[in-house]
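Heads up, the thing below is written out as structure tokens.
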Amino acid sequence: MPEYDTKVKKLRRLSILLDVVKIVFVSTILVVCVRSFVAQPFVVSGDSMVPTFYPNDYVVIDELTYELHKPQRGDIVIFQYPLDPSIFFIKRLIGLPGDTVVVNNGSVYVQTGKLTQRLLTEPYLRAGAPKIESGTTTLGTDEYYVLGDNRNSSFDSRVWGPVPARYIVGRVLVRLFPFTHATVYARPTGATSTAVK
């Protein structure tokens, strides 16, 4: 009998060990799949999105939505810098494919196709922010115009041009850290427009 008890104990230990290995294996596969195809964490660096995001804010991006739907004006996105795809930026989508974006005396106007030019209402900008330089950009069929919310400290489409769609990684879904500022970002996240007369 003692031999039988010893064998049973060994089999139980082996069974528990196999269960742990299975759980670790399945968990690892799930984490890799989620990180690769669904959501991914990023840490904000730089001041270009202040006051919306500050340096060291921890955000999670949704990589799946843009596989099913096109990006919307006002979405906050993470993308690869078109001139060096190893660098990632966080900015706000202002212009969509086919739009003409006009920055004039600190105001941003968007014209979609032959429709009337519309002034963007951007409640996320700091009141009294200094004016930014002027310029006009017409976007191609797969290009987006992005700006930082802190316009005077942002290296964005005004400097290096539009972002091709293939460089957009995903949209910001949630800020997790700091915990006191944890926020879920629903779509759309701002940037509405009114007709200019």
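All of the numbers you see were taken from the coordinates with simple rules; none came from a lab. Only a predicted model underlies this, so the values are computations on that prediction, with no experimental measurement involved. Don't worry about glycine lacking a Cβ; one is built from the backbone with ideal geometry, like all the others, and counts go over all protein chains shown.
Here are the numbers:
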| quantity | calculated |
| --- | --- |
| Sequence of V44, V60 once ranked by neighbouring C-beta atoms within 10 Å, starting from the fewest | V60, V44 |
| Whichever aspartates and glutamates have a C-alpha closer than 13 Å to that of K114, once near sequence neighbours (fewer than 8 apart) are set aside | D99 |
| Among 153-161, 47-55, the order from most to least packed when residues are scored by Cβ within 10 Å on average | 47-55, 153-161 |
| Proportion of all alpha-carbon pairs of the range 44-195 beyond 27 Å (%) | 16 percent |
| Length released on extending from D142 to V159, taking residue separation times 0.36 nm less the Cα-Cα span | 4.3 nm |
| Spacing of the two label points (7 Å from each Cα toward its C-beta) at Q72 and D47, in nm | 3.2 nm |
